[in-house]
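> Just passing along the structure, written as structure tokens.
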Amino acid sequence: MDLQTRKISFVQEFLNLQNEEIISLFENLLIKEKRKIPDKKLQPMTLEEFNKRIDISLEDSKKGRLTESSELIFEIEKWS
């Protein structure tokens, strides 16, 4: 069975599920596994791009456009 056929078969089975707990398990599994796959589009930035990001960050800091680390940690904890 090729990959496309397997995916179609899986989706059909998934659509027939009536158990919310099982659906949640699949959702969590999908999220977890997708995080493990490296982003193929990810490429190192050039030195020029890096310096531009630094300049933007310094400007944001001067203008008070910051997020406190405690606020960030609180938001991250809600992701789980």
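> What is the number of the single condition among (1) within 30 Å of Ser80 (Cα to Cα); (2) surrounded by 10 or more Cβ atoms within 10 Å (Cβ to Cβ) that Lys40 does not meet?
That leaves (2) as the condition not met.
> If you don't mind, another one. Filter the range 27-63 for residues that are in a helix (DSSP H, G or I) and either polar (S, T, N, Q) or touching a helix residue (DSSP H, G or I) at 6+ places or on another chain (Cβ under 7 Å) (or both) and give the result.
Asn28, Asn51, Ser57, Ser61
> Taking only the range 51-80 into account, find how many residues are surrounded by 10 or more Cβ atoms within 10 Å (Cβ to Cβ) and of a type in the set (Gly, Ala, Ser).
2
> Run Glu48 past the list (1) surrounded by 10 or more Cβ atoms within 10 Å (Cβ to Cβ); (2) more than 28 Å from Trp79 (Cβ to Cβ); (3) in the same structural domain as Trp79 (by TED's automatic domain parsing) and report the number of the one that doesn't hold.
Failing condition for Glu48: (1).
> While we're on this one: Filter the range 1-26 down to the residues that are part of a helix (DSSP H, G or I) and among the aliphatic types (A, V, I, L, M) and list them by number.
Answer for the range 1-26, where residues must be part of a helix (DSSP H, G or I) and among the aliphatic types (A, V, I, L, M): Leu3, Ile8, Val11, Leu15, Ile22, Ile23, Leu25.
The values are calculated or read from the model by the stated rules, or taken from the named source; none is laboratory data. These figures come from a predicted structure and were not determined experimentally. FYI the Cβ positions are ideal-geometry reconstructions off the backbone, even for glycines, and counts take in every protein chain you see.
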